[in-house]
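Structure, as structure tokens:
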Amino acid sequence: MSDKGTMDQEEIHSKVLRAGRRTYFFDVRSTKAGDYYLTITESKKFTHEDGSFHYKKHKIYLYKEDFQAFREIMEEMMDFIIDEKGVEVISERHQKDFKKEDVSSNGEMKSPENFTDIDFDDI
């Protein structure tokens with residue numbers, strides 16, 4: 001039996017977080033020595049033009065000796081994001097009514113009246 005098959009059998013506890021196209025799997029697993037570690041897997045669904053799809057997966061292995069430092073940095077990063085941007089999601093992928101505002105290089109909002117009329121017959 002492969003190591004991958006053995007590791008899959010030694011799963012102790014699991015939780016799943018579904019978030020749109022992404023799914024996060026949190027799995028407690030057991031080492032050969034009987035100690036526990038955490039795997040966090042992000043699975044993201046991609047759909048092809050023909051309607052078929054595939055998943056891309058990324059996995060992090062987190063061992064107990066790294067828990068405290070990982071937790072501290074994770075909390076610091078999440079607090080920073082919330083403090084800077086708040087909890088409201090402002091991504092057009094997450095909000096159907098999100099309006100992307102066009103801004104010119106000088107920081108002014110672009111609007112139809114800011115554009116020069118061009119007659120392509122003159123070119």
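Residue count for the stretch 68-93 satisfying the condition of being touching a residue at least 12 places away in the same chain (Cβ under 8 Å) and either surrounded by 10 or more Cβ atoms within 10 Å (Cβ to Cβ) or among the acidic types (Asp, Glu) (or both): 0.
For the stretch 78-93, the tally of residues that are within 21 Å of Gly20 (Cβ to Cβ) and part of a helix (DSSP H, G or I) stands at 4. Taken over the stretch 38-55, the criterion of being surrounded by 10 or more Cβ atoms within 10 Å (Cβ to Cβ) and among the charged types (D, E, K, R) is satisfied by Glu42, Lys44, Lys45. Apart from one condition, Arg22 fits all of (1) in contact with an Asp or Glu (Cβ under 9 Å, 6 or more places away or on another chain); (2) at pLDDT 95 or above; the exception is (2).
Selection of the stretch 33-72 for residues being in contact with a Ser or Thr (Cβ under 8 Å, 6 or more places away or on another chain) and either among the hydrophobic types (A, V, I, L, M, F, W, C) or part of a loop (DSSP other than H, G, I, E, B) (or both) yields Phe53, Ile60, Leu62. Select from the stretch 12-37 the residues that are closer than 15 Å to Tyr61 by Cα and small (Gly, Ala, Ser) and write down the one among them that is surrounded by the fewest Cβ atoms within 10 Å (Cβ to Cβ). Out of the qualifying residues, it is Ser14.
The values are calculated or read from the model by the stated rules, or taken from the named source; none is laboratory data. Predicted, not measured: the structure shown is a model, and the values here were computed from it. FYI the Cβ positions are ideal-geometry reconstructions off the backbone, even for glycines, and counts take in every protein chain you see.
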